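A quick write-up on the structure given underneath.
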Amino acid sequence: MDFRFSEKEEALRREVREFLAREITPEEQEAGFSREFSLKLGAKGWLVPTWPEEYGGLGATPMESLVLTEELVYHRAPIGVQIIGLGWVGTSLMRHGTEEQKRKHLLDMARGRSWVCTAYSEPEAGSDMAAVKCRARAHGDHYIIDGQKTFITGAHLCDYVWLAARTNLDVPKHRGISAFLVDLKTPGITIRPLVNMVGVHHFNEVFFDEVRVPRDCLIGEENQGWYMLVTALDVERSMVASPTACRRILDDLVGFATEACHKGEPLARHPVVRHRLAEMATEIEVGRMLAYRVAWMQSRGIIPNYEASIAKVYNSELEQRLANVGMQVLGLYGQLKRDSKWTSLEGRMGYAYLNAVSATIFAGTSEIQRTIVAIRGLGLPRQ
Ligand SMILES: Cc1cc2nc3c(=O)[nH]c(=O)nc-3n(C[C@H](O)[C@H](O)[C@H](O)COP(=O)(O)OP(=O)(O)OC[C@H]3O[C@@H](n4cnc5c(N)ncnc54)[C@H](O)[C@@H]3O)c2cc1C
């Protein structure tokens, strides 16, 4: 087994590092997103490297894409919002969209000119996505959409919403769902902020009240949405962001432990601190290998399935374990925010500690991931 990256991949890594050292501002890092930075990444084809060149990508391999993500995440590039849905929306559009739809959307998305959020979840349809109630009724050459979506990341910053809506009430629930790509400026759409426990406005409730959209907002066939969305999720799950973010936090903690003293001794000499940090380094390496396995499968044309769930459940729970260790190492200082004069690591540890709670919820909870591993990975019965 050869774990080395190719010369081309290493050259890409160097190029991305040099670009990031030049192009990211501290303000953009703090905000977590930036239109300007998105345009710069888009101009290089780095928002969607694996897409074909004609749609604004580079035709890059999944391993090259992994290298790019590692560098972006490690250097805290402001890619928080716009990059989330690009994978599955793009895959669905490329496979099922008409030529006109592809021309209208793909290049703008790839260049960072058009940001798209994903609206699957509803108050009574989270893990059970097939239970969506948001309704889309065909009406002449339009659809009329009514309903509520919740926890929609970045809806307040995006241009379009990728929406799962019910188009048929008379069939089993999986068979009556369709996918739409809707302009968020359409009259009848209301976006209300949901401020999370970190105190950040990151996601939203989105209400659709008699929203009239042209028929060509429907992507793929009517009532085939469920199959399209689920397949796109399987293809596009990239798992390397999480262990890379963990690696960055660990490196910061190692720096802190080396400089900070306890009773006149550097924390780094304290056996418990050393062991905890070493344990985290070991676990991060395991998480990274699980993510590499997913990318390796993609590079072989194999669609990752329970393997992606293994990586998701392990790495999201690792984020929480690491945040716990970080708070223990920093002690009470860890709770202080960036603007306190006594803060350490710019208040990032306390933020990471609270933020990590959501890691085991979004993109499929740990319970759902374990169920996938049990059924598809181990062949255990459904019930
Ligand atoms: C930070 C963040 C960002 C998000 N961004 C988006 C977004 O952009 N777009 C979007 O559409 N959604 C988004 N979500 C919503 C997310 O997808 C849902 O929160 C998630 O799918 C869980 O759904 P739920 O919250 O309704 O919980 P529920 O499905 O009600 O689950 C509640 C609990 O029951 C457990 N449970 C549910 N069903 C089962 C089962 N069959 N077996 C075992 N246990 C089960 C769950 O694991 C969980 O512990 C986001 C969520 C978060 C936290």
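The values are calculated or read from the model by the stated rules, or taken from the named source; none is laboratory data. These numbers were taken from a predicted model, which means no experiment stands behind them. Ideal geometry is used to build each Cβ from the backbone, glycine not excepted, and the neighbour counts take in all protein chains shown. What goes into the accessible areas is simple: the full protein's heavy atoms, side chains included, and nothing from ligands, DNA or RNA. Shrake-Rupley method; radii C 1.70, N 1.55, O 1.52, S 1.80 Å.
Once the mean of 1/r is taken over each pair of separate Cα atoms and inverted, the stretch 298-383 shows a Kirkwood hydrodynamic radius of 14.8 Å.
Filter the trypsin sites (Lys or Arg not before Pro) in the stretch 280-361 down to the DSSP loop ones having no more than 14 other Cβ atoms within 10 Å, then list what survives.
Sparse-neighbourhood loop trypsin sites (Lys or Arg not before Pro): 300, 337, 338, 341.
Out of all Cα-Cα pairs in the stretch 7-80, roughly what percent, to the nearest whole number, are more than 21 Å apart? Pairs farther apart than 21 Å: 21 percent. For the stretch 307-355, the set of chymotrypsin sites (Phe, Trp or Tyr not before Pro) satisfying both a DSSP loop assignment and a count of at most 12 other C-beta atoms within 10 Å is given as 342.
Taking trypsin sites (Lys or Arg not before Pro) across the stretch 102-182, the ones in a DSSP loop with at most 16 further Cβ atoms lying within 10 angstrom of their Cβ are 113, 133.
Membrane-span-like helices in the chain, defined purely by DSSP H runs whose alpha carbon atoms cover 27 Å or more axially and whose average Kyte-Doolittle hydropathy reaches -0.5, are 241-259, 271-299, 306-330.
Each label point was placed 7 Å from the Cα along the Cα-to-Cβ direction; for residue 5 and residue 35 their separation is 3.2 nm.
Kirkwood hydrodynamic radius (Cα pairs, Å) of the stretch 103-214? If you can, show how the numbers build up before the last one.
Details: mean 1/r = 0.0688 Å⁻¹.
Answer for the stretch 103-214: a Kirkwood hydrodynamic radius of 14.5 Å.
Each Cα pair of the chain feeds into the Kirkwood radius, which the Stokes-Einstein equation turns, at 4 °C and 1.567 mPa s, into a diffusion coefficient of 58 µm²/s. Using a 1.4 Å probe on the protein heavy atoms, what percent of the accessible area of the stretch 7-80 belongs to carbon and sulfur? Summing carbon and sulfur atoms, their accessible area is 53 percent of the total for the stretch 7-80.
What Kirkwood Rh does the stretch 66-109 have if only Cα atoms enter the pairwise 1/r average? Answer in Å.
On the way: mean 1/r = 0.0844 Å⁻¹.
Result for the stretch 66-109 stands at 11.8 Å.
Using the scaling law 2.2 N^0.38 Å as the reference, what is the normalised Cα Rg of the stretch 220-343?
Working: Rg = 19.3 Å, N = 124, 2.2 N^0.38 = 13.7 Å.
In units of the globular-protein estimate, the stretch 220-343 measures up at 1.41.
At an R0 of 25 angstrom, the distance between the Cβ atoms of residue 95 and residue 363 translates into a FRET efficiency of 0.75.
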